[in-house]
Protein chains: 4
Amino acid sequence: MEIPSLMKAAVLMGLNDLRVREVSTAKPGPAEVLIKVKACAVCSSDISLIAKPWFGQPSFGEFIPGHEYSGIIAALGENVDEFEVGDRVAVEAHSGCGRCINCRRGNYTACLNYGNTKRGHRANGFTTNGGYAQYVVNHVNTVYSMPNSVTFKEASLLTNLGCVLYGFETVGSYIVSDTVVVIGPGPLGLLAVEVAKVLAAEKVFLVGTRDSRLNVGKEIGAGQVINIHREDPVKVVMAETQGRGADLVILAAEGDEAFEAAVRMTRRMGKLLLLSFPKEPILADFGTMGKNSISLYTVRGEGRANCARAVSLVATGKVNLKPLITHSFALDDILEAFQTFVERRGGAIKVIVEPNL
Amino acid sequence: MEIPSLMKAAVLMGLNDLRVREVSTAKPGPAEVLIKVKACAVCSSDISLIAKPWFGQPSFGEFIPGHEYSGIIAALGENVDEFEVGDRVAVEAHSGCGRCINCRRGNYTACLNYGNTKRGHRANGFTTNGGYAQYVVNHVNTVYSMPNSVTFKEASLLTNLGCVLYGFETVGSYIVSDTVVVIGPGPLGLLAVEVAKVLAAEKVFLVGTRDSRLNVGKEIGAGQVINIHREDPVKVVMAETQGRGADLVILAAEGDEAFEAAVRMTRRMGKLLLLSFPKEPILADFGTMGKNSISLYTVRGEGRANCARAVSLVATGKVNLKPLITHSFALDDILEAFQTFVERRGGAIKVIVEPNL
Amino acid sequence: MEIPSLMKAAVLMGLNDLRVREVSTAKPGPAEVLIKVKACAVCSSDISLIAKPWFGQPSFGEFIPGHEYSGIIAALGENVDEFEVGDRVAVEAHSGCGRCINCRRGNYTACLNYGNTKRGHRANGFTTNGGYAQYVVNHVNTVYSMPNSVTFKEASLLTNLGCVLYGFETVGSYIVSDTVVVIGPGPLGLLAVEVAKVLAAEKVFLVGTRDSRLNVGKEIGAGQVINIHREDPVKVVMAETQGRGADLVILAAEGDEAFEAAVRMTRRMGKLLLLSFPKEPILADFGTMGKNSISLYTVRGEGRANCARAVSLVATGKVNLKPLITHSFALDDILEAFQTFVERRGGAIKVIVEPNL
Amino acid sequence: MEIPSLMKAAVLMGLNDLRVREVSTAKPGPAEVLIKVKACAVCSSDISLIAKPWFGQPSFGEFIPGHEYSGIIAALGENVDEFEVGDRVAVEAHSGCGRCINCRRGNYTACLNYGNTKRGHRANGFTTNGGYAQYVVNHVNTVYSMPNSVTFKEASLLTNLGCVLYGFETVGSYIVSDTVVVIGPGPLGLLAVEVAKVLAAEKVFLVGTRDSRLNVGKEIGAGQVINIHREDPVKVVMAETQGRGADLVILAAEGDEAFEAAVRMTRRMGKLLLLSFPKEPILADFGTMGKNSISLYTVRGEGRANCARAVSLVATGKVNLKPLITHSFALDDILEAFQTFVERRGGAIKVIVEPNL
């Protein structure tokens, strides 16, 4: 595959100043590959980190964001023989240092050398360049083959699904017959509904504020949707579980009210899983949590190779990503893509940028 | 052993109205034993529940509190052959219904039939009568033989130690070489220091506000004590761990500040264990917890038969309970015992009532 | 419901001497129920224990076997309010003592007081009377409501499914995308195929010797069946997994060859689950298991309330029990039922006795 | 530090043909270090692999064995800043590929690319050159700083202790009050005794055939030693545990008899941990294991960064390695070292080679 020495990329030039420019095409190191990007999905963390740089983020003028992408293998590092040029692939964002005790124990998304590229850490789109570009370099351990039956747009959501699966693994998943409540019908919340059903949850509730999103939830399999403008979710869940509460409540929403409801609808010995990073502190009733033996789990990213599991769910159709993909734009229109995502224009859920249209 | 038909007991007659009276001595059911109480320790939950009844608590005039006690087997139910009259024993508070899925899975302190005596649940001192009495009935599954080398006063702290051990089990304990921080040098916090050392933690920090308590912490083995009036515990812990933070932070204290410090001193992928039931909601920075993959665990009571483990630690001297036992009173002086505990008179840590002096 | 004082039951009078006789109808204790048995399935352990009594089994002339059954609630003990007379129910066999540390930690099928009825242990059909009778007594903690949509014959297989689920829980189930091999297409093996698919295994192999059974495996969802008379299962599995091997191999068959094949087809860090109790010792290559970090798990019975999960899978149709139910007989014909099962007459898989036809 | 271009090393020239020769001193890659070896301990796997090459082993004439060593940092790769030249260090053998799902999940000693150096796997002394040499190259993720208080000989046993700790982690360690039996008083068995005591096991039995070794076991803390020539270990353990059996039985010995005894002395729901790789298949009574819900765990090597935990135990004196170190030899005398180890001359336990005397 011929690779141009220059490529188009969206470079962060300053606060909220993302510009499409020509830059040098990177070259893969020995254990890396070069990927020609076909689809890169907008994530709420993209919005956050262009407004206020995150820990470990490269300087303005040097940083290309974007961490949810898919494409075609364009070149191989000298020690890579798992792939061939032309392979269709999706990625995960985090490649740990491989040296710290978190990485050594498999928790590479919590790498203790986060942002330290000398020691080998990469988090594409966070601490190293990402996918809002025609080409991107990935460590081979973050790359997954995708079958032809999966579109590049779907493949760009692999990290989303990997993140949700990591959440289920983190809470110790074996969900058969459990009651699961998902609060917040954003992309992660909707995928959590799908995964709960994959693992044979008996009852899956989806709680939100917008009927349009809740209707998508119904489409992808929520057994019951609750619009908090019309119903008290705690009452509904307690009634439907004979007063016991849910085995697992997944918070993909922020705010004091959502958290309080989550605590109050969780069964004794039940679990809370947090899939969002609330911007503000939240008032938490730890007294009730303690008396009811409720524990709270968090996840950052798509850890423990759950993206490999995600490939299977997408390839076999057990998880349907299509209803989440609402819009796409060329790289030159990335700002419009961001606006569409932020303002949820036209019912936007996932908005995708295609750098090589 | 001769058992009187009437006995002295502290009965809760109304809000904060505990009175020593003569009542009928209870009789053990088929799988129960009658214990002659030698020592019953005052717990902060006693203070809380006489001021504001807890869920499942019997009516005023009928309820004898006290859940941390030890004594001598006085009579056996017809199906009990594990003990003999005269055996020295300690107890745990919770006997689950044995029917609900929490009990069936070993989580009897989170029994879904909590307070439902018809279905077999007992939590002595909470939902059934407790140890501020000359005699008390216990289900045989809550009774533990104690060797002669352990005094009754020490034995009365078995549930405290069982609760702390349950906390360590809940976070998935295998602590060898870990850094553990305990915030709050109350009885549970001090025992947490001892258990962290038993499990071979390398560094154990104890954080508090009173030098007298912190000095007890030093005596029982804290490697480093931090008085927050003089030092910033986050700075100290981060400095002593080369900026990584602690593997496990145990909160045995309430308040926003303690919680915030706990979050900020926890390592990526580290854990928080809550040993208290905060009376008020706490402002929690879940955003930082999420970005650092920190999970939060709670425990209620001394679950999963950890009291059996506690017996071993006390009997072998690996945990030293003596420094915690500061005061004792006759049953007639129970109000003074409570006052001593609440006001921490004379450096009170654990205050013990002896109903059969 | 009118309950006769005498009932028909199959009583074990001596070695392999099971006779249908009239006996007194048992009465439920305070936490027990009386069930009118509608269906009781023959299990290979029935065949084993009538030929050679198992640990804790009652004397000849006093013991009614049968542990896989369903029926209708006929009477309630005084402390039972979870059910009503007339409810359709299925059961599990084991009710632990509730006193030993195994029971206290949720492992009641491994009760340390196994067979000790004084201390409260019951294993119906093993150490207390079972379901080859018109009526049977169960502790309320072993009884599960079944919806009308589930037939009594299907309901009698609840413990089978509960046992398989307990196996998956024991290996730490979160199977999404894993490769699972089941060796032995008996009832438990076939159910294991179904559960592997429920948990989203990507590839499920079923290995056996009889095409008729393997065809049932295909019907209930095995992705690939391997008849060892025609193919080497190790070669097939290794080829289909790019030389890695299976993540989980489930042994529902006995013999040295099956075990050796299992070890050789398991991935490094993979797991073996044993669902059978081999009558003879097996030659095991622990050297290879060690070098490949393979662990071996066993289960006895349907532990940790997995029957509750099983109810959900059957009620929602996620697991289909119908293909396993091949024959049924009246209680008077129980010997013919046993023969049919043992000799696999007419392709017998599960053979059911109906005591109240 | 000046580094010679040639160094002395023991090269495997053919079956059982180990010769000390001059070879080129290796150079560290970007994430590697060069270590000047001070002590390299003889392991039974050394004896095994020179007699019959293991999977992934380099060709005769090119391979330097030895995987248990310590020394001084002599040179740093360009991306290494965790160490300085002159640092005292110990090592672990396995550096995984970092790409396969086992490595990504923290199980690098079970790397699916074992022996594939192109993909980044290294197992020094197994698939890449080891420590029977004056210098050796290690990936930085296998190197641990050792305090001055620990001798190089002790430091060379770090992987032994790391392996034992990994075994305890694998069985889900939280041993407080448990009964542990160790069968086989070799180096790993003796260390298992020490670790069981570190984790507060109440009773620790050591079973063997030679009083000399059993006496070392007593010295390092076994509560009771059992010489099978004089006592039946099953009877002793059952008697000392009131008929329950041990919670954990650790097999550091081979043979049918040891395994059978292990199964028979394990408590219902107890665990077996295998620390050896038996050369021959073993007759295993899986029927009894199944009926007693006993599971069997294996470990290969010192996984999940347990060597980091081992450093702490050695540095703090909680584990005493000194009684295990019985002999040492210069590199030129390596054949004598091997003989001493194999024949247990002079009560040899660990025999150490010092390549830079």
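With the requirement that a residue be among the charged types (D, E, K, R) and open to solvent by less than 20 Å² (accessible area, probe 1.4 Å), what does the stretch C:90-109 give you?
If the condition is that a residue be among the charged types (D, E, K, R) and open to solvent by less than 20 Å² (accessible area, probe 1.4 Å), then C:Glu92, C:Arg104 are the ones that fit.
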Among (1) surrounded by fewer than 21 Cβ atoms within 10 Å (Cβ to Cβ); (2) under 29 Å from C:Gly98 (Cβ atoms), B:Glu219 falls short only on (2)
When B:Thr298 is run through (1) closer than 24 Å to B:Arg213 by Cβ; (2) among the hydroxyl-bearing types (Ser, Thr, Tyr); (3) over 20 Å from the mean Cα position of the chain (by Cα), the failure sits at (3)
Within the stretch D:285-337, residues of a type in the set (Gly, Ala, Ser), farther than 30 Å from D:Gly96 by Cβ and touching a Lys or Arg at 6+ places or on another chain (Cβ under 9 Å) come out as D:Gly287, D:Gly290, D:Ser293, D:Ser328
Inset, instruction - With respect to A:Tyr114, determine if the residue is in contact with a Cys (Cβ under 8 Å, 6 or more places away or on another chain) and more than 14 Å from chain D (Cβ to nearest Cβ). - result: no
Across the stretch A:313-327, the tally of residues that are of a type in the set (Ser, Thr, Tyr) and either open to solvent by less than 50 Å² (accessible area, probe 1.4 Å) or in contact with a Gly (Cβ under 7 Å, 6 or more places away or on another chain) (or both) stands at 1
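Can you tell me which of D:Ile73, D:Ile50 is among the β-branched types (Val, Ile, Thr) and either modelled with pLDDT under 95 or more than 19 Å from D:Ala155 (Cα to Cα) (or both)?
D:Ile50
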| message | Looking at the structure I just gave you, is A:Gly120 over 29 Å from A:Glu354 (Cα atoms), within 12 Å of chain D (Cβ to nearest Cβ) and either buried (at least 23 other Cβ atoms within 10 Å of the Cβ) or of a type in the set (A, V, I, L, M, F, W, C) (or both)? | response | no
> Can you find a residue in the stretch D:136-158 that is assigned to a helix (DSSP H, G or I), under 19 Å from A:Arg99 (Cα atoms) and away from chain A (no Cβ under 14 Å)?
Replying inline: yes
Reported set for the stretch A:80-98 where residues are in contact (Cβ under 8 Å) with a residue 60 or more places away in the chain and over 19 Å from A:Asn306 (Cα atoms) is A:Val80, A:Phe83, A:Val85, A:Gly86
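Just the residues that are closer than 14 Å to A:Asn356 by Cβ and open to solvent by 10 Å² or more (accessible area, probe 1.4 Å), please, taken from the stretch A:56-74.
A:Ile72
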Flagged pairs (Cβ under 8 angstrom, 6 or more apart or on separate chains; first in the stretch A:24-37, free of Cβ contacts under 8 Å to residues at least 12 places away in the same chain; second among the aromatic types (Phe, Trp, Tyr) and open to solvent by 30 Å² or more (accessible area, probe 1.4 Å)) are none
Going through (1) more than 20 Å from the chain's Cα centre (by Cα); (2) open to solvent by 40 Å² or more (accessible area, probe 1.4 Å); (3) of a type in the set (Ser, Thr, Tyr) one by one, C:Tyr135 fails only at (2)
When you look at D:Glu280, is it open to solvent by less than 20 Å² (accessible area, probe 1.4 Å), acidic (Asp, Glu) and either closer than 27 Å to D:Thr127 by Cβ or under 20 Å from the mean Cα position of the chain (by Cα) (or both), yes or no? no
Residue check, D:Leu112 open to solvent by less than 10 Å² (accessible area, probe 1.4 Å), modelled with pLDDT of 95 or more and touching a helix residue (DSSP H, G or I) at 6+ places or on another chain (Cβ under 7 Å): no
The stretch B:273-357: helices (runs of 4 or more DSSP H) wholly inside it with 3 or more residues that are under 19 Å from B:Gly130 (Cα atoms) are B:334-342
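In this structure, is D:Ser156 modelled with pLDDT under 95 and either closer than 16 Å to D:Leu324 by Cβ or open to solvent by less than 20 Å² (accessible area, probe 1.4 Å) (or both)?
no
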B:Ala200 meets each of (1) within 11 Å of chain D (Cβ to nearest Cβ); (2) open to solvent by 10 Å² or more (accessible area, probe 1.4 Å) with one exception, condition (2)
Across (1) farther than 27 Å from B:Leu273 by Cα; (2) within 11 Å of another protein chain (Cβ to nearest Cβ), A:Asp285 clears everything bar (1)
Of the listed residues (A:Arg213, A:Arg267), the one being within 11 Å of chain B (Cβ to nearest Cβ) and surrounded by 19 or more Cβ atoms within 10 Å (Cβ to Cβ) is A:Arg267
Within the stretch A:240-264, of all residues that are within 27 Å of the chain's Cα centre (by Cα) and in a loop (DSSP other than H, G, I, E, B), the one nearest to the other protein chains (Cβ to nearest Cβ) is A:Glu254
Only one of C:Ser48, C:Ser24 is among the polar types (S, T, N, Q) and touching a strand residue (DSSP E or B) at 6+ places or on another chain (Cβ under 8 Å), namely C:Ser24
Answer with yes or no whether A:Val234 is more than 7 Å from every other protein chain (Cβ to nearest Cβ), open to solvent by less than 20 Å² (accessible area, probe 1.4 Å) and out of contact with any strand residue (DSSP E or B) (no Cβ under 8 Å at 6 or more places or on another chain).
-> yes
Filtering the stretch C:87-105 down to residues that are closer than 19 Å to C:Leu158 by Cβ and not aliphatic (A, V, I, L, M) yields C:Asp87, C:Arg88, C:Glu92, C:His94, C:Ser95, C:Gly96
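Yes/no per residue for (1) surrounded by 16 or more Cβ atoms within 10 Å (Cβ to Cβ); (2) away from chain B (no Cβ under 14 Å); (3) over 18 Å from C:Ser293 (Cα atoms); (4) out of contact with any Phe, Trp or Tyr (no Cβ under 9 Å at 6 or more places or on another chain):
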site	(1), (2), (3), (4)
D:Arg304	yes, no, no, no
D:Ala330	no, yes, yes, yes
D:Asp333	yes, yes, yes, yes
D:Phe341	yes, yes, yes, yes
Here the residues within the stretch A:161-182 that are open to solvent by less than 10 Å² (accessible area, probe 1.4 Å) and more than 12 Å from chain C (Cβ to nearest Cβ) are A:Val180, A:Val181, A:Val182
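The values are calculated or read from the model by the stated rules, or taken from the named source; none is laboratory data. Small disclaimer: the values here were computed from a predicted structure and weren't measured. Glycine gets a Cβ as well: all are built from the backbone with ideal geometry, and neighbour counts include every protein chain shown. Side chains are part of the model used for accessible areas, which takes the heavy atoms of the whole protein and leaves out ligands, DNA and RNA. Shrake-Rupley method; radii C 1.70, N 1.55, O 1.52, S 1.80 Å.
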